[in-house]
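Since the structure comes first, as structure tokens, the remarks are kept for the end.
The values are calculated or read from the model by the stated rules, or taken from the named source; none is laboratory data. In this text the structure is predicted, and so the values were computed from the model without any measurement. Cβ placement follows ideal geometry from the backbone for every residue including glycine, while neighbour counts extend to all protein chains displayed.
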């Protein structure tokens, strides 16, 4: 068991984090010419926190929350998402992705659970970006730092968004800020899940808890510890090496596509103006 003195390192000043993220969202949305936002609301803690932050940043009436269940999704998740919608007074819609997903699943009946989950995640992003165009709102991402580092996300699925407000918060820090902002207790206390099928949980799929992963990742990434130094803190070497392999192997998911350089000013190499260049 790892030493408990590592846990305080993940504590954040929630009031300060709230202020920074609300201002970040307000700036990120308005500086690219938008006044509205679209958020996919799963009923989980990450999307709930993003909905709270976005509503505070630009006003609840300017936020469209989309529930996008599949036929095997949890009814409790839909209920929790509705609690957020009603508490904040968000605009909302529910789009059942089952009729869109099932034809592809039927075409490839041997599809693994991973592939099925990726199809669902990408279909949800299709819906989000379609409604972004219809509503005139910027798509706000809901990925946290832990799952992003581990690659527990789908390219052009849940990791596709215009901005990612909580991607620099580990799961433990998401919980702290969500509690600070008054996210419903039923959401705060339930096991994290991508809601791909009834009873599915993130930690079952990952094979370890977010609490353990957060501590190791914080030391490896934020504190720049070597694997040996993390092991010296009391963590099992096999676990530390496994997480570090996942971080490295999934780095491509956290970057823009590599561009082959042929000219003197290549996109992604030399042409690197700021997002608000010319604004």
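Filtering 122, 116 for residues that are assigned to a helix (DSSP H, G or I) and under 22 Å from residue 163 (Cβ atoms) leaves a single hit, 122.
The residue that is farthest from residue 21 (Cα to Cα), counting only those in the stretch 163-199 that are part of a loop (DSSP other than H, G, I, E, B), within 17 Å of the chain's Cα centre (by Cα) and modelled with pLDDT under 95, is 196.
If only one of 51, 37, 15 is in contact with a helix residue (DSSP H, G or I) (Cβ under 8 Å, 6 or more places away or on another chain) and surrounded by fewer than 22 Cβ atoms within 10 Å (Cβ to Cβ), which one is it?
Working: 51 fails: surrounded by fewer than 22 Cβ atoms within 10 Å (Cβ to Cβ); 37 fails: surrounded by fewer than 22 Cβ atoms within 10 Å (Cβ to Cβ).
Answer to the check: 15.
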